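K.L.:
Got a structure for you, questions after.
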Amino acid sequence: MALLLAGPAQAATFCVAVEHAGCTSRPSAQQAFADARDGDRIELGRLTEGGALTDGGRALDVVGAGEDETRLTGTLTLADAGSGVTGASLGALDLAGTATRVRVEGAATLRGTARLRAAAAGAEVRAVSGAPRLEDVLVEPAAGPGLRAGCDSTLTARHVTVAGAADPAVDASCAGARVVLRDTVLAVGGAAFAGGERVATTFSAYPAVAGRAGGEGDRHDVPVLALGGRLPAGSALADAGSPDGLDADEWPEDRDGLPRAADGDGDGALRRDPGAFELPAPAGGLPDGNLLRDPGAEEEQGGGWALAGPFARERYGGFPFPSVAAAGALGGERAFFAGGPGPGGSAVQAVDVTPLAPEIDQGRATAALSALLGGYRADADAAVVEARFRDPAARELGLVALGGPSAAERANATTLLARARADGVPPLTRSIEVSLRAGLATGSYADAYFDNVALAVTAPGGATGQPPPGAIQRPFAGIRVLTGLATIDRRRRRITVRLACVDATVGRCQGVLTLAGVLRRGTPPVRIGSAGVDVGAGRTRRVHVRIARRAARAVKRRGRIAMTLFAAVRDGQPVTRATTVPLTLRWPGEGRKRRR
C-alpha cells in the first residue's frame with residue numbers, strides 16, 4: 001500500500017455543516033472558498049448551496065459528504081491542476097484538476113491534464129485544451145453530443161458509457177481534435193461519431209467502424225443496457241473489455257464503487273467490462289454448518305480469534321480498502337481482516353470436532369475450508385488460510401491451506417476472491433486449528449485481506465453428534481473399556497477388547513475403537529487398528545481389533561508395547577463422547593518368558 005504524503009505544514013481545514021477537531025467552521029461554501037489558501041482543505045457536509053465557486057488558481061482539496069448529501073447547484077471551477085473535488089453533486093464543472101465520485105447535472109468542461117473519475121454527467125463532457133482523461137464515467141445528455149474534443153485537444157475515455165439521446169455520441173469535428181476510446185460503450189440512438197481523428201483501441205461498442213473515423217451518418221446496433229447504463233446479467237459485454245490488469249495510476253473502481261475487474265461471466269477469470277459499470281460475479285456467502293465464530297471480523301473484540309502481531313480488523317469503504325459497494329457484491333458485511341501495519345500478522349481459532357468423532361475415526365468426514373481472500377492493487381502481499389488437524393493430545397495430524405489470489409489473478413484490482421477446498425479429516429482428529437497468515441512483500445502495510453472464513457465438517461449419513469437445541473440431555477460418559485492388557489492372536493493378528501455400555505445409557509453405545517502407539521522409539525504414534533462398536537445399554541461385549549502387520553512384528557520383537565485405545569461412541573440422544581484409555585499389547589508367551 002502506498003503511503004499518503006503529508007500536505008503543507010500550514011494547511012488549514014475549513015468545514016461547512018461538518019464538525020470535528022482541527023476543523024475551522026464557516027457558514028457557507030462561498031465563505032470557505034473565499035478564505036481558503038493554497039493547499040487548504042474544504043470539507044462540506046449535508047447542504048444545498050447555489051452560486052459559482054472557484055479555487056481562484058489555488059490548489060484546494062474539496063471533500064463532500066456524497067453525491068446525495070452535498071449539492072452545489074452552481075458551477076464549480078477548479079483551475080489549478082492540483083485542485084480536487086470528491087463526493088458531491090455539481091450544477092456544472094470547469095476542471096483542470098481531478099474530480100472523483102461526483103455527479104454533474106450540466107456540462108463538464110475539461111482542461112489541460114484534468115481527470116474526471118467514477119462520475120456521471122447529465123450533459124456533454126468536452127475537452128477544450130490539453131489531454132484530459134475520463135475514467136469510469138456515465139454520460140447521459142438530453143441532447144447534443146456526449147463527448148466532444150475541442151480543436152487541437154485529445155480526449156481519452158476509458159470505461160465510459162455514453163447512453164441516451166446523445167447525437168452524435170462522440171464529436172471530434174474541430175481541426176486537430178482527437179478522441180481515444182478504450183473499453184467504452186456507445187449506446188445511443190443517434191450517430192456514433194462526427195468527424196475528426198478517432199482512435200478506438202481494445203474495445204468499442206461499434207467494431208464495424210474501429211480503425212477509421214466515423215461519419216455523420218454512421219448508425220449501428222445499440223448495445224442493450226439496464227437501467228442507469230449498467231450491463232444486465234448475462235450480457236454479452238460481460239468480461240469483453242481489455243484483458244490487461246489495472247495500471248498503477250488507473251482508478252480502481254467503477255462508477256458504482258465496485259472493483260474495476262470482476263468475473264462477470266463466471267468463467268473463473270477476472271477481466272474488465274467495457275463501459276462505466278462492472279458486472280460483478282454472483283455474491284457468495286457463508287456455507288451452511290460453518291463452525292468458526294466471527295468469520296468476517298464483525299465482532300470488534302474477541303470473536304473466537306486470537307490475533308497476533310499487527311493483524312487488524314478493517315472497515316470496507318475506508319481508503320484504500322475495498323468499498324462498501326464491493327462488500328455487498330462480495331457477500332461481505334461491514335468489516336474484514338487485514339495483515340495490518342507490519343509483517344508477521346496472524347489470527348488463530350481452534351474448533352472442537354469431537355461431536356463427529358465416530359465418523360472422523362471411520363474416515364467418513366470431510367472438512368470444507370473456504371474464504372474470501374485478496375489484496376491491494378499490484379501488491380504481492382499474500383493471504384493464506386491454514387487448517388491443522390490435531391489429535392486428543394494436540395499433536396498435528398495433517399495440514400491443508402488456501403492461498404489467496406496473486407495480483408495478476410486479481411487483475412491488479414483491490415478486491416477479494418472466493419477460494420475453497422475440501423479434504424478428508426484424518427482419523428483421531430479432535431480439533432481443527434484454523435489460522436490466517438498475512439505475508440508482507442512490499443510497503444509497510446500487509447495488504448492481505450480475509451473475509452467470510454469458514455470451516456464446515458460433514459459426514460454423509462452421520463448424525464450431528466449433539467442433541468437438538470433445548471433438548472433435555474441425560475448424562476452419558478461413553479463406553480467403558482474393561483481390558484488393560486491384550487494378547488495378540490498370532491494366527492489372526494488381532495486382539496480382543498472387552499467393553500461395557502452402562503445401564504443408564506439412552507439407546508445403545510455405537511461408534512468406533514482406534515488403536516494407536518509408538519512402534520519405534522523416537523517416532524510419533526501411528527494408527528495400527530480399528531473396529532466398530534455396537535453395545536446395548538447394560539451389556540458387555542468382546543470386540544476384536546485387527547492390527548497392522550508391522551505392529552504385530554514390533555510387539556513380537558519387544559514382547560509388549562504400551563499403546564492407547566481411542567473410543568468414539570454415541571448414544572441415542574444423540575450425544576458423542578470420546579475417551580482415551582491405556583492398553584498394553586503383548587506377544588503370546590511373553591509372560592512365561594519373564595517368569596523364567
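K.L.:
Of Val512, Ile528, Ala500, whose Cα points farthest to the positive end of the dipole of segment 491-538 (charges on the beta-carbon: +1 Lys, Arg; -1 Asp, Glu; origin at the Cα centre)?
P.N.:
Final value for the positive-end residue is Ile528.
K.L.:
Here's another thing I want to ask about it. Take every Cα pair under 8 Å in segment 480-595 that's 6+ residues apart, average their separations, divide by the length, and report that relative contact order as a whole percent.
P.N.:
Rounded, it is 31 percent for segment 480-595.
K.L.:
Could you pull the Rg and Dmax for segment 389-433, using just the Cα atoms, both in Å?
P.N.:
Gyration radius and largest Cα-Cα distance of segment 389-433: 15.4, 44 Å.
K.L.:
Return the label of the correct value of Cα Rg over 2.2 N^0.38 Å, as calculated from the structure shown, out of (1) 1.19; (2) 1.36; (3) 0.99.
P.N.:
Answer by label: (2).
K.L.:
Based on Cβ point charges of +1 for Lys and Arg and -1 for Asp and Glu, what charge dipole magnitude is obtained for the chain about its Cα centre, in debye rounded to the nearest 20?
P.N.:
Roughly 7540 debye for the chain.
K.L.:
Using R₀ = 25 Å, calculate the FRET efficiency as 1/(1 + (r/R₀)^6) where r is the Cβ-Cβ separation of His20 and Arg334; round to 0.05.
P.N.:
Efficiency, from the Cβ-Cβ distance: 0.70.
K.L.:
Here is a follow-up. Could you sort 534-543, 106-115 so that the peptide with the highest average Cβ count within 10 Å comes first and the rest follow in order?
P.N.:
Per-residue mean Cβ counts within 10 Å order the peptides as 106-115, 534-543.
K.L.:
Could the peptides 123-133, 549-559, 231-241, 447-457 be put in order, highest first, of the mean number of other beta-carbon atoms found within 10 Å of their residues?
P.N.:
Result, highest mean first: 447-457, 123-133, 231-241, 549-559.
K.L.:
Another one. Using +1 at the C-beta of Lys and Arg and -1 at the C-beta of Asp and Glu, which of Tyr316, Thr161, Ala338 has the Cα lying farthest in the positive direction of the dipole of the chain?
P.N.:
The residue sitting farthest along the positive end of the dipole is Ala338.
K.L.:
Still on this structure, please answer the following. Please name which of Leu78, Leu181, Gly56 has its Cα lying farthest along the dipole of segment 13-229 towards the positive end, using unit charges on Cβ (Lys, Arg +1; Asp, Glu -1) and the Cα centre as origin.
P.N.:
Sorting the options by dipole projection puts first Leu181.
K.L.:
Here is a follow-up. Relative to the longest principal axis of the chain, what angle (0 to 90°, nearest 10) does the C-alpha long axis of helix 549-558 take?
P.N.:
Once rounded, one gets 50 degrees.
K.L.:
Tell me, what is the FRET efficiency for Cys174 and Val224 to the nearest 0.05, using R0 = 30 angstrom and their Cβ-Cβ distance as r?
P.N.:
Result of the calculation: an efficiency of 0.40.
K.L.:
Applying a 10 Å radius around every beta-carbon, put 429-440, 365-376, 575-586 in order of their mean neighbour count, most first.
P.N.:
Final packing ranking: 365-376, 429-440, 575-586.
K.L.:
Compute, for segment 13-229, the length of the dipole vector about the Cα centre, with Cβ point charges of +1 (Lys, Arg) and -1 (Asp, Glu) only. Units Debye, rounded to 20.
P.N.:
380
K.L.:
Provide Thr70, Thr75 in ascending order of the number of other Cβ atoms located within 10 Å of each residue's Cβ, fewest first.
P.N.:
Thr75, Thr70
K.L.:
Tell me the label-point distance for the pair Thr113, Gln10, using the 7 Å Cα-to-Cβ offset, in nm and rounded to one decimal.
P.N.:
Placing both labels 7 Å along Cα→Cβ, they lie 2.6 nm apart.
K.L.:
Points 7 angstrom from Cα along the Cβ direction at Arg541 and Arg558: gap in nanometres?
P.N.:
Placing both labels 7 Å along Cα→Cβ, they lie 3.1 nm apart.
K.L.:
Right, another one. Residue by residue through segment 145-156, which ³J(HN,Hα) values in whole Hz follow from phi under the Karplus form 6.51 cos²θ - 1.76 cosθ + 1.60 (θ = phi - 60°), with glycine and proline marked x?
P.N.:
x, x, 10, 9, 9, x, 4, 6, 10, 10, 9, 9
K.L.:
Quick one: work out the % antiparallel among DSSP beta bridges in the chain, nearest 5.
P.N.:
Once the DSSP bridges in the chain are tallied, antiparallel ones form about 55 percent.
Each value in this text was obtained by applying a stated rule to the coordinates, not by laboratory testing. Given the structure is predicted, the values throughout are model-derived calculations rather than measurements. Note that we place each Cβ from the backbone using ideal geometry, even for glycine, and neighbour counts take in every protein chain shown.
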